[in-house]
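Asker: What follows is a single structure, and I will ask about it in a moment.
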Amino acid sequence: MHNGISNRFSPGSARWTNVSLDALIEDLYRIKDYQLEGAPGWIKSDRWDIEGKAASPASTPEMYVMMKALLADRFQLRFHYETKQRPVYHLTVAKGGPKLVTAHPQDENHRWGTTPGRGSLTMNGTTMQNFAYWLSVQFNQAILEETGLTGNYDLKIEWKDDADTTDDPTRPSIFTAVKDRLGLDLRAGKGPVEVFVIDHVERATAN
């Protein structure tokens, strides 16, 4: 979630602190920033402390349903989904074939990690769908996974990113790292993206 935001769940209650409405929508509806359209500027700038309580103990999925109802009631949120042509990256196998290491059976329970301040990613037991999801967060753009690869893989890449503090000129771009280390291509283009379109929303009044 966005910087400075915290959330806390317990049976029958959920609380978000210092949350913008766009971040809350993205969390509750499991969408990313690039999928949100039709939003007024204040849903990114205004901050809210929001708490929902159920009448009896409830699971986290049940609390999410209740919080969605709260948004409809307190913020008058109305929306619909559309599929639109948007900028995307196509993730495909590069010429020469993939350079992926098949995961050992004990690694097939997906684990991953990054290095703060440095472009570095390690994934164990990952699928291409999981890798594409990570890339979509990295680029804040849809990734169309078109490799045709269905296995579980161990992978590691290092690249030069904007937050990289190593100042190492030999570190490649993430595009080059994906191609040289993994044998995969990231190609810019356009493709179908599911979009969450806000039809109506109002500022809530404080309790």
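Asker: Residue check, Thr166 against (1) polar (S, T, N, Q); (2) part of a loop (DSSP other than H, G, I, E, B); (3) surrounded by 13 or more Cβ atoms within 10 Å (Cβ to Cβ); (4) modelled with pLDDT of 90 or more, all met but one. Which one?
Answerer: Of the numbered conditions (1) polar (S, T, N, Q); (2) part of a loop (DSSP other than H, G, I, E, B); (3) surrounded by 13 or more Cβ atoms within 10 Å (Cβ to Cβ); (4) modelled with pLDDT of 90 or more, the odd one out for Thr166 is (4).
Asker: Check whether at least one residue in region 76-94 is at pLDDT 90 or above, assigned by TED's automatic domain parsing to the domain that holds Asp154, touching a helix residue (DSSP H, G or I) at 6+ places or on another chain (Cβ under 8 Å) and of a type in the set (Gly, Ala, Ser), and report yes or no.
Answerer: Taking every residue of region 76-94 in turn, at least one turns out to be at pLDDT 90 or above, assigned by TED's automatic domain parsing to the domain that holds Asp154, touching a helix residue (DSSP H, G or I) at 6+ places or on another chain (Cβ under 8 Å) and of a type in the set (Gly, Ala, Ser).
Asker: Which residues, counting only those in region 21-61, are surrounded by 13 or more Cβ atoms within 10 Å (Cβ to Cβ) and of a type in the set (Asp, Glu)?
Answerer: Asp22, Glu26, Asp27, Asp33, Glu37, Asp46, Glu51
Asker: May I pose another question? Can Tyr64 be described as closer than 30 Å to Ala177 by Cβ and not β-branched (Val, Ile, Thr)?
Answerer: No: the conditions fail for Tyr64.
Asker: Let me ask something else. Looking at Ala204, Ala188, can you tell me which residue is of a type in the set (Gly, Ala, Ser) and more than 23 Å from Gly97 (Cα to Cα)? Step through it out loud before you land on a result.
Answerer: Values: Ala188 fails: more than 23 Å from Gly97 (Cα to Cα).
Within the list Ala204, Ala188, the selection yields Ala204.
The values are calculated or read from the model by the stated rules, or taken from the named source; none is laboratory data. All values derive from a computational prediction rather than experimental measurement. We place every Cβ from the backbone using ideal geometry, glycine too, and count neighbours over all the protein chains shown.
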